[in-house]
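This report refers to the structure that appears directly beneath it.
Derivation of every value follows stated rules applied to the coordinates shown; laboratory data play no part. As the structure is a computational prediction, the values presented were derived from the model and not from experiment. Ideal geometry is used to build each Cβ from the backbone, glycine not excepted, and the neighbour counts take in all protein chains shown.
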Amino acid sequence: MTAKELFLSKLSDWGTTPLKVLQKEILPILANLRLAIVLLLVIAIFSVSGTVIEQGESLEFYQANYPENPALFGFLTWKIIALVGLDHVYRTWWFLTLLLLFGSSLIACTFTRQLPNLKSARRWNYYQSPKQFKNLALSAEIETGSLETLKTLLQKRRYRIFEEDHKLYARKGLMGRIGPIIVHASMILILIGSLVGSLTGFIAQEIVPSGETFQVKRIIDAGPFAASQVPQDWSVRVNRFWIDYTPDGTIDQFYSDLSVLDNQGSEVDRQTIHVNKPLKHNGVTFYQADWGIAGIKIRMNRSPVLQLPMAQLDTGGNGRIWGTWIPTKPDLSAGVSLLARDLQGTLLLYDNEGQLVSTLRPGMSTEVNGVTLFIDEVVGSTGLQIKADPGIPIVYLGFGLLMVSVLMSYVSHSQIWVLEADNRLYLGGKTNRAKVVFEREVIAILDEIQPTSDNETSSKTAPV
């Protein structure tokens, strides 16, 4: 061998070695059923943790709710959550790696097992001798009847027939072999959709008073490529926020009248949203999630309407209360504190000594510190949760295919071989599921061929 031939041989070996390693070592490991089950269980466990543990909250939130002493379950503290990334499970590198490994396992299984099984199922062959029928779980030797009669009976039962000389092969239910492949494909689609959503989606929260316009700014969780999904050329105006109450005073439903505005401020869409009825625009969804009190509109004597901001007070977990201070003198030397629990309830006025001065509702007035105080309106603010997830259509497509393919997988793939030799018919068959039903079908076929000659039929039936 010349030096040139040796070099080309080494070069060829170097090029084919990685392919051989992939085929003989890596693919069998990835296609291992135990590995797929373990990966699926691990993914399920961390998915549950992402549902139980609040996602995308501030560090202070986890420090308050997951203290070191006592630790939840004896080990779960805010330090563990921050270290492992349990506060944003679905965007961590290790969770995405698990999804990629599971997807690779499904792909490897599809190409090494499912596709070869389908190829084998589509290939037909004939039995050449009676001895071959002894290897089948269900077989029979028939002394009467003809191949044409049997062919007609099989066609009535929707078998596809392949015939050659005195040999016949029939099959039906090939869809049952295609079903598992589509199951794998649909699961891969779901994984792809999850990865797309994790990498390009975002979650934001906004508290917006009635009458104000806003753009999405307060992003609490986002993928590394989510910038293109955040709205830049349009904004949203909260036309009005209101709450419907039940007769006993509890909240029945809260609503937000929203308008989508383009760069010129023109309205391109308008919808009233409430819980379970969001607004969707350009792939971004606005959910009604919370509410608050932004401010109060008042008048003193004959003054113009003044709007004062209200802030939520710390009640130590004993309900939600908003408050503000209203000056009653121009030099701010005197005033009253106003407290509110909701948008329609009684407002409470307290003086500087903390004594209750008056109670009133929107639309009412009272005398305080020598001035007449009018309460025009309590201004509510809507709490919106904003999400964008480009992977959702892919996930929905995957789930749709999964439901269809699971039904397809329940279809039995049945095969029947027939050989006509020595004035006899040799018949045998097998199926991959519903074996009792298949056995009854074969027996029914035999009965139609020779209804009165059961004693002339020698059959062998193994447990099915």
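Its Cα gyration tensor gives the chain an equivalent ellipsoid; the semi-axes, largest first and in whole Å, are 74, 30, 21. For segment 199-274, rounded, prolate or oblate, judged on the Cα gyration tensor with a ≥ b ≥ c (square roots of eigenvalues), a/c < 1.5 rounded, else prolate if a/b > b/c? Oblate, because a/c is 1.5 or more while a/b does not exceed b/c.
Relative contact order of segment 304-380, please, whole-number percent, based on alpha carbon pairs below 8 angstrom and at least 6 residues apart. After rounding, I find 18 percent. Between segment 261-326 and segment 86-153, what's the alpha-carbon centroid distance in Å? With segment 261-326 and segment 86-153 each reduced to a Cα centre, they are spaced 59 Å.
The charge dipole of segment 22-114, taken about its Cα centre with unit charges on the Cβ atoms of Lys, Arg (+1), Asp and Glu (-1) only, comes to about 560 debye. Using only alpha-carbon positions in segment 22-114, the gyration tensor eigenvalues give semi-axes of 35, 12, 10 Å once each is multiplied by 5 and square-rooted (largest first). Sorted from greatest to least, the principal axis extents spanned by the alpha carbons of segment 197-329 come out as 53, 38, 30 Å. Toward the positive end of the charge dipole of the chain, with +1 on the Cβ of Lys and Arg and -1 on the Cβ of Asp and Glu, the farthest Cα among 321, 368, 138 is that of 138. When 156, 167 are sorted by how many other C-beta atoms sit within 10 angstrom of their C-beta, beginning with the fewest, the order is 156, 167. When the C-alpha to C-alpha distance is required to be over 32 Å, the pairs from 79/280; 217/329; 131/435 that qualify are 79/280; 217/329. Spatial offset of segment 360-439 relative to segment 199-254 amounts to 25 Å, using the alpha carbon center of each. Relative intensity of segment 304-380 on a log10 scale, I(q)/I(0) at q = 0.12, 0.13, 0.27, 0.28 Å⁻¹, equals -0.32, -0.38, -1.60, -1.68, per a Debye sum over C-alpha point scatterers of equal strength in the absence of solvent. Return one number: the angle in degrees, 0 to 90 and rounded to the nearest 10, between the long axis of the Cα atoms of helix 3-21 and the longest principal axis of the Cα atoms of the chain. The angle comes out at about 70 degrees.
For the chain, the longest principal axis of the alpha carbon atoms and the long axis of helix 392-409 meet at an angle near 30°. Each of 284, 149, 335 was placed along the dipole of the chain (beta-carbon charges, centred on the mean Cα), and the one lying farthest toward the positive end is 149.
Extents of segment 385-454, largest first, come to 77, 22, 14 Å (Cα atoms, principal axes, whole angstrom). Taking the longest Cα principal axis of the chain as reference, the axis of helix 93-109 is set at about 20 degrees.
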